[in-house]
Each structure stands twice: as C-alpha cells, then as structure tokens.
Amino acid sequence: MAFKRIIATLLIKNGQLVKSYGYTAWRPAGGLASALRNLDRWLVDEILILDISRRGGVNPEVLKTISMSSVSTPLVYGGGIRAKDDVVNLLEAGCDRIVLETLFLRQPDSVRELADMVGAQALIGCVPLVPGPDHPHLWSSTSNSDVMSDFITLINHCNSQPVSEIMVIDTRNEGFFGQACRSLHAKVIESGLNKGIIWFGGLDHEIAGILLKNPETVAVAFGNINFERELQIPRLRADILSQVHGELRRTRVGREQ
C-alpha cells in the first residue's frame, strides 16, 4: 500500500461493543452502528471490528449491522472465523479484509485455501503477544495456548503464511493509552519478520509516531480512545503528522483478484 494508515478498532464481546482492558476486563461502549457512523465521519483510514468473544463463528447480528452500515471507510473484520463461508459472508457484507488468528496460528492449510480464494492481500495474520524476559510469547488463551511457544518459530511461521500483513497486539497493555511495551516492539522489529506490521495495544501519539517511522510499520491501531472524546482520530493524526514526514491518508484497500 502506498500510505501508512491509522486504524480505529471496535471490540465486540458477546455481541456487545466494549472498551477492553488487557483482554481481561470490559465495559459497555454503546452501539456498533453508531460507532461505525462516527468513525466514518471522522475519516479514519480503516475500521477494524474485532470480536474477542473467543468462540467459533461470526455473530449474525454483528454481520447484519456491518451489512447495513453503508460506511465508505474500508472495513476489516476479525474474530471467530473458522470456515470459508465465514469469509465469504463477511466480504459480501462489505468487509474489505479479514483478520485471522486461530486459523493463522493453528491451521496454515486453511489460510492457504483462503488465500487461493480471496487473495493474500485480503488476509491479515493476528499475533497477540505478551512481553517476556528474553522474547515476547503468545498470549495464553483457549485458542493459542499450546502453539508455537518459541518466538523464532512464530516469526518463521508468520513469514511463511500467505497473508499481506501481521497485526501485532500488545495484549497486556491493550486498552491502556500510552502504556505500550516498547521492548516488545523492538523485539518484533528486530526479528526478521518480512510482513508489514499493524501495531495495536497501549499506543499513544508519541509511540505511534515512532513506530510509523520504521519501514516495517504499515499501520497503527487505536481502540478505547475512540470512545473517550469526540474526534480522537483526527487529533491523533495531527499529532502523529507533526512527528512523521510524509502522508497518512484514507486509502481504499483493494482485494487481489
């Protein structure tokens, strides 16, 4: 993609839009439809809807809301995707790209099948990490607690998969503005990862600006801050642009044919 992006993330827990804190505590955050309209009006580059319910399947009510939203901002969806039909339904509902975590970490053959079907450009791999004494490690959850405990193996796995980008989540600091772990960022940047990186979790304008200066970074994502005051993304964009030479602009993300 020609330009680096700022992404607004909307987290869903059991069908409810929430503010999330370290993926261990949640607060209601209003309605998904109104949040989509607001972010569309705020001219973010992409809107990521991320279902963190940790159960298989795409919530049909969430899918319906996406389909009826009619927003012009590119939409990305992740969470609960287990089959080709899930991807087809999401693309038909208006999502431009798909974030894969469980399939990406556990079922590489399924990822290759999806890439053959929709193109690697439409797929993003998701890697939720926790800082460690030597290297980051995968966040322990029911879906990924027993896969790839070795960091180098994880990076090699990411490099081998037919996805366009990797979303790296600082799970410990997710939801806590300005508390992102910079050593985690450094370890990932130094790891030899050969995909563009989307960073999420604990960012503020200063940390985002530093990350965007790295050629490995393609996007930075913000979650809870979008609900705390009006027009947060435009303010963040202005602050980040004061640090970064170049442009951050809205871009339609095309799918490979």
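The values are calculated or read from the model by the stated rules, or taken from the named source; none is laboratory data. From a predicted model like this one, the values you see are computed outputs, not experimental measurements. Counting neighbours? That spans all protein chains shown, and the Cβs are built from the backbone with ideal geometry, glycine included. Surface areas here come from the heavy atoms of the whole protein model, side chains and all, with no ligands, DNA or RNA. Shrake-Rupley method; radii C 1.70, N 1.55, O 1.52, S 1.80 Å.
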**OP:** Identify, by number, the condition in (1) farther than 30 Å from THR153 by Cα; (2) at pLDDT 95 or above that ARG41 doesn't meet.
**Re:** (2)
Original post:
Which one of the conditions (1) modelled with pLDDT of 95 or more; (2) assigned to a loop (DSSP other than H, G, I, E, B) does SER53 fail to meet, given that it meets all the rest?
Top reply: (1)
**OP:** Select, from ASN59, ASN144, the only residue that is at pLDDT below 95 and out of contact with any Gly (no Cβ under 9 Å at 6 or more places or on another chain).
**Re:** ASN144
**OP:** Return a yes/no flag: does the stretch 185-192 have any residue that is at pLDDT 95 or above and either part of a strand (DSSP E or B) or closer than 26 Å to TYR77 by Cβ (or both).
**Re:** yes
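Just checking, how many residues over the stretch 26-37 are touching a residue at least 40 places away in the same chain (Cβ under 8 Å) and either closer than 19 Å to SER72 by Cβ or not in a loop (DSSP other than H, G, I, E, B) (or both)? First the steps, then the outcome.
To start, the set of residues in the stretch 26-37 that are touching a residue at least 40 places away in the same chain (Cβ under 8 Å) comprises 29-30, 35.
Narrowing the set further to residues that are either closer than 19 Å to SER72 by Cβ or not in a loop (DSSP other than H, G, I, E, B) (or both) leaves 35.
Adding up the residues that qualify gives 1.
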Original post:
Can you name the number of the only condition in (1) buried (at least 18 other Cβ atoms within 10 Å of the Cβ); (2) over 19 Å from ALA221 (Cβ atoms); (3) without any contact (Cβ under 8 Å) to a residue 24 or more places away in the chain that LEU17 fails?
Top reply: (2)
Original post:
How many residues does the stretch 69-101 hold that are assigned to a helix (DSSP H, G or I) and either more than 19 Å from VAL44 (Cα to Cα) or modelled with pLDDT of 95 or more (or both)?
Top reply: 10
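Every residue in the stretch 49-77 that is touching a residue at least 60 places away in the same chain (Cβ under 8 Å) and open to solvent by less than 10 Å² (accessible area, probe 1.4 Å), please. Quick ask: steps written out before the conclusion?
Here is the first cut: in the stretch 49-77, the ones touching a residue at least 60 places away in the same chain (Cβ under 8 Å) are 54, 73-74, 76.
Correct list: THR73, PRO74, VAL76.
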Original post:
Could you list, in sequence order, the residues of the stretch 201-247 that are outside any helix (DSSP H, G or I) and more than 28 Å from LEU17 (Cα to Cα)?
Top reply: LYS213, ASN214, PRO215, GLU216, SER242, GLN243, VAL244, HIS245, GLY246, GLU247
**OP:** Could you check, for the stretch 104-120, whether at least one of its residues is closer than 24 Å to ASP150 by Cβ, at pLDDT 95 or above, among the aliphatic types (A, V, I, L, M) and in a helix (DSSP H, G or I)?
**Re:** yes
